[in-house]
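Inspection log for the structure reproduced underneath, given as structure tokens.
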Ligand SMILES: Nc1ncnc2c1ncn2[C@@H]1O[C@H](COP(=O)(O)OP(=O)(O)OP(=O)(O)O)[C@@H](O)[C@H]1O
Ligand SMILES: [Mg+2]
């Protein structure tokens, strides 16, 4: 791995590394073809229990490939060429995700680690009601659950993400984009996973809806204690919601640090350039706004950046 990974000076960095829920070691993925793309190159990182880890970097740098590789969702021509990814359950056991296959992998994936895919809100089946699509998760993964309990749980899930339970009867086209995305987040939370991977979950939404959904995610994280890998190229947004941020460039993690540290004291040139490309984060001369702001003030300034 190239670049600078600041050693954990901040308490938050140490805490997340001390109690990991996912550890990724020397992980590489190629897309094999006439020209082979080395999409992810020797990535190592730790996701702390209950942490929001932001994954930033420009389009094509390998964010989705890393996330889908770790959760074993990639299909040929993608090939994991080195490394492994381990999951450490809150119940005290660990599993190498690359050793799972078939039914074990399918069960594991939705139960322990769930995904909100890039463009997910368009993946709801248009001719099936929201209720039937939510219920499907329970019929598949909790076959012993009674129908009454399933319906109750589906309504509870919708309400948890801020959608009225009367919407269970709706079809996807009757919901706004924001509501459909909330349904996808509800579905990903259905089985109380310990990790949620969210790939650009709010990118297609207008800023007001985006803000509401981010608030829901941070509130639910605090309430339920799941960890999140939050993928986006929107660095101001990540600075606001993440505990730590990993910056990716051309398949490598070039910097990983506490979000506030990364903002106030970026080490890697690419991180500096990425930060500088968001005018809302920099002063008139392009210097980073570095006024000894507290976390709250940082949150405020980035909130303006997100809402602006
Ligand atoms: N199915 C595929 N076959 C071949 N190459 C692929 C495939 N999917 C992705 N790639 C390549 O792998 C690299 C990483 O792509 P990836 O989709 O992981 O990037 P990303 O950071 O998620 O980008 P974005 O922000 O646009 O979603 C890119 O060079 C891309 O062209
Ligand atoms: Mg992507």
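The values are calculated or read from the model by the stated rules, or taken from the named source; none is laboratory data. On a predicted model such as this, the values are computed, not experimentally measured, just so you know. For neighbour counting, all protein chains shown are included, and Cβ atoms are generated from backbone atoms with ideal geometry for every residue, glycine included.
Would you call residue 46 within 16 Å of ligand 2 (Cβ to nearest atom) and either over 17 Å from the mean Cα position of the chain (by Cα) or modelled with pLDDT of 95 or more (or both)? Considered against the rule, which asks whether it is within 16 Å of ligand 2 (Cβ to nearest atom) and either over 17 Å from the mean Cα position of the chain (by Cα) or modelled with pLDDT of 95 or more (or both), residue 46 comes out as no.
Screening residue 166 with (1) part of a strand (DSSP E or B); (2) over 28 Å from residue 49 (Cα atoms) gives one miss only, at (1).
Comparison of 98, 94 shows that the only residue that is assigned by TED's automatic domain parsing to the domain that holds residue 80, out of contact with any helix residue (DSSP H, G or I) (no Cβ under 9 Å at 6 or more places or on another chain) and within 26 Å of residue 223 (Cα to Cα) is 94. Taking only the stretch 175-189 into account, find how many residues are assigned to a loop (DSSP other than H, G, I, E, B) and crowded, with 21+ Cβ neighbours inside 10 Å. Adding up the residues that qualify gives 0.
Residues that are touching a strand residue (DSSP E or B) at 6+ places or on another chain (Cβ under 6 Å), away from ligand 1 (no atom under 16 Å from the Cβ) and assigned to a helix (DSSP H, G or I) are absent from the stretch 190-201 altogether.
In the stretch 146-154, the condition of being out of contact with any helix residue (DSSP H, G or I) (no Cβ under 7 Å at 6 or more places or on another chain), in a loop (DSSP other than H, G, I, E, B) and over 17 Å from residue 215 (Cβ atoms) is met by at least one residue. Do we have any residue at all in the stretch 183-201 that's modelled with pLDDT under 90 and within 16 Å of ligand 2 (Cβ to nearest atom)? The answer is yes, given that some residue of the stretch 183-201 is modelled with pLDDT under 90 and within 16 Å of ligand 2 (Cβ to nearest atom). Could you list, ordered by first residue, the pairs with Cβ atoms under 9 Å in which the first is in the stretch 31-42 and closer than 14 Å to residue 254 by Cα and the second is within 16 Å of ligand 2 (Cβ to nearest atom) and in a loop (DSSP other than H, G, I, E, B), at least 6 apart or interchain? Matching pairs, first to second residue: 40/62; 40/251; 41/62; 41/250; 41/251; 42/251.
When the stretch 29-74 is limited to residues that are within 8 Å of ligand 1 (Cβ to nearest atom), in a loop (DSSP other than H, G, I, E, B) and at negative phi, the one that is surrounded by the fewest Cβ atoms within 10 Å (Cβ to Cβ) turns out to be 59. For the stretch 239-255, filtered to residues that are closer than 14 Å to residue 51 by Cα, in contact with a helix residue (DSSP H, G or I) (Cβ under 8 Å, 6 or more places away or on another chain) and part of a strand (DSSP E or B), the residue that is nearest to ligand 1 (Cβ to nearest atom) is 245. Scanning the stretch 116-144 for residues that are closer than 17 Å to residue 196 by Cβ, surrounded by fewer than 16 Cβ atoms within 10 Å (Cβ to Cβ) and within 16 Å of ligand 2 (Cβ to nearest atom) returns 119, 123. State which residue is nearest to residue 241 (Cα to Cα) when the search covers only the stretch 75-105 and only residues that are part of a helix (DSSP H, G or I) and touching a strand residue (DSSP E or B) at 6+ places or on another chain (Cβ under 6 Å). Per the stated criteria, the residue is 97.
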